[in-house]
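Asks: This is the structure, below, for whatever I ask next.
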Amino acid sequence: MEPVRLTQYARGGGCACKIPPGELETIVAGLGLTPPADVLGVDGRTSGSLLVGLDHGDDAAVVALADGTAVVATVDFFTPVVDDPYDWGRIAACNALSDVYAMGGSPLVALNLLCWPREVLPLELATEVLRGGHDLARQAGCHLAGGHSVDDDGPKYGLAVTGTVRQDELITLDAGRPGLPLSLTKPLGVGVLNSRHKATGEPFPQAVAAMSTLNREAARAAVAAGIRCGTDVTGFGLLGHASKLARASGLTVVIESARVPYLDGAREAVRDGFVSGGTRRNLDWVSPWTEFDGVSEADRLLLADAQTSGGLLLVGEVPGGTVVGELLPRGESMVLVR
């Protein structure tokens, strides 16, 4: 079979293909939904209350159970971020599972979501995508059983994931407290490296390694450290996800730009112009409520870089993480970068 460059079959790549955050907020706000406090099941019994829903844009929905635990439910899928189908499957699965870890939970079972242009791309490639997702889910100790597929104009893959979490260990966006440090558990830069890969075909194994590394250990360390506020860093970039945390917690997030770690080659990719439209939209979105103190344009773009399967952004210190800032009482700006 002739080599196929999967990234050439997608307008965007990975989490950079998300609907821009400002537009997404408008869509969700237009729903006007007020979820019920509880729901009756088929047996006529009342199910648990919704602990986390649409209010702050957390990483997953959470429903309470009677024994002090809760169900965590999420879904995530996207277009090819790399050309290798097996790696794409692993990355997409890792990214979907991350939403459960970001809530302090453990994934239990997942279902495949596959969109495939079956008359354009060989089915053997789809098999490798699914194999990658299966192997990553197995690594996470999460069942992967069945799913859904459609014949589509472009390839897309991801998972719908259900997990569990103890209610007293739940990590949310609105639990921040002033004076606490802000930690990041993976380096930034996969977005610009993926953009370079799509344009040139040049491989970046450091980016693939970062995107296919589970956030499981970081989540376990966060729960053990008593951390109860955080999120993961994906398509809205560090600045976008930090601003959501700041808004939900009613605080100002301070980011020390010199402390933020980056993957090898990320700065060179920005210098050479490999910046996605999603990253530029992220920066435009956060700029009205972000203050930049002596921060270069290149650093601003890197801080807004649309990540795929990024690390956790946690309010507190964790082993292996990097302290990149702190939380302060709400000032004039929601995010201060210096």
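Asks: Using modelled backbone amide H atoms (1.01 Å from N, in-plane), which distant-in-sequence or interchain residues come within less than 5 Å of Leu65's amide H?
Replies: Ala70, Val71
Asks: Would you mind ranking Ile171, Ile27, Ile91, Ile227 so that the residue whose beta carbon has the fewest other beta carbons within 10 Å leads the list?
Replies: Ile27, Ile227, Ile171, Ile91
Asks: At 222 nm, what helix-only mean residue ellipticity would the chain give, in deg cm²/dmol to the nearest 500, using -39500 (n - 2.57) for each DSSP H run of four or more?
Replies: -9500 deg cm²/dmol
Asks: If you count, for each residue, the other Cβ atoms within 10 Å and average over each peptide, how do 260-270, 100-110, 211-221 line up from highest to lowest?
Replies: 100-110, 211-221, 260-270
Asks: State the extension gain, in nm to one decimal, for the chain segment bounded by Val120 and Leu65, taking 0.36 nm per residue of separation less the distance between their alpha-carbons.
Replies: 15.3 nm
Asks: At 4 °C and a viscosity of 1.567 mPa s, what translational diffusion coefficient does Stokes-Einstein give for segment 181-337, taking Rh as the Kirkwood radius over Cα pairs? Give it in µm²/s as a whole number.
Replies: On the way: Rh = 15.5 Å.
Rounded to a whole number, D works out at 84 µm²/s.
Asks: For Ala225, what residues show an amide H to amide H distance below 5 Å, using hydrogens built from the backbone and excluding near sequence neighbours?
Replies: none
Asks: Between segment 212-234 and segment 50-117, how many Å separate their Cα centres?
Replies: Distance between centres, Cα-based: 14 Å.
Asks: Once fully extended, how much extra length lies between Asp264 and Ala145, figured as 0.36 nm per residue of separation less the alpha-carbon to alpha-carbon distance? Kindly include the intermediate steps, with their values, before the conclusion.
Replies: On the way: separation 119, 0.36 × 119 = 42.84 nm, distance 3.65 nm.
So the extension gain works out to 39.2 nm.
Asks: When the dipole is taken about the Cα centre of segment 224-309, and only Lys, Arg (+1) and Asp, Glu (-1) are charged at their Cβ, what size is it in debye, to the nearest 20?
Replies: Rounded to the nearest 20 debye, it is 320 debye.
Asks: Report the one residue of Leu144, Leu50, Val323 whose Cα lies farthest in the direction of the positive end of the charge dipole of the chain (charges on C-beta: Lys and Arg +1, Asp and Glu -1; origin at the Cα centre).
Replies: Towards the positive end, the residue furthest out is Val323.
Asks: For all pairs of alpha-carbon atoms in segment 233-309, what percent lies in each bin of width 10 Å, listed from the first bin to the last filled one?
Replies: That works out to 18, 56, 24, 2, in percent per bin.
Asks: Calculate, in nm to one decimal, what Arg138 and Arg5 gain on full extension: separation in residues at 0.36 nm each, minus their alpha carbon distance.
Replies: 45.2 nm
Asks: Please give the peptides 156-166, 117-127, 232-242 ranked by average Cβ packing (other Cβ atoms within 10 Å per residue), highest first, as a rough proxy for protection. Please report the intermediate quantities before stating the final value.
Replies: Details: 156-166: 22.2, 117-127: 13.4, 232-242: 27.6.
Top of the packing list down: 232-242, 156-166, 117-127.
Asks: Output the relative contact order of the chain, whole-number percent, from Cα pairs under 8 angstrom with separation of 6+ residues.
Replies: 23 percent
No value in this document is a laboratory result; all are computed from the given coordinates. Nothing here was measured: the structure is a model prediction, and the numbers come from that model. Every residue, glycine among them, receives a Cβ derived from its backbone with ideal geometry; neighbour counts consider all protein chains shown.
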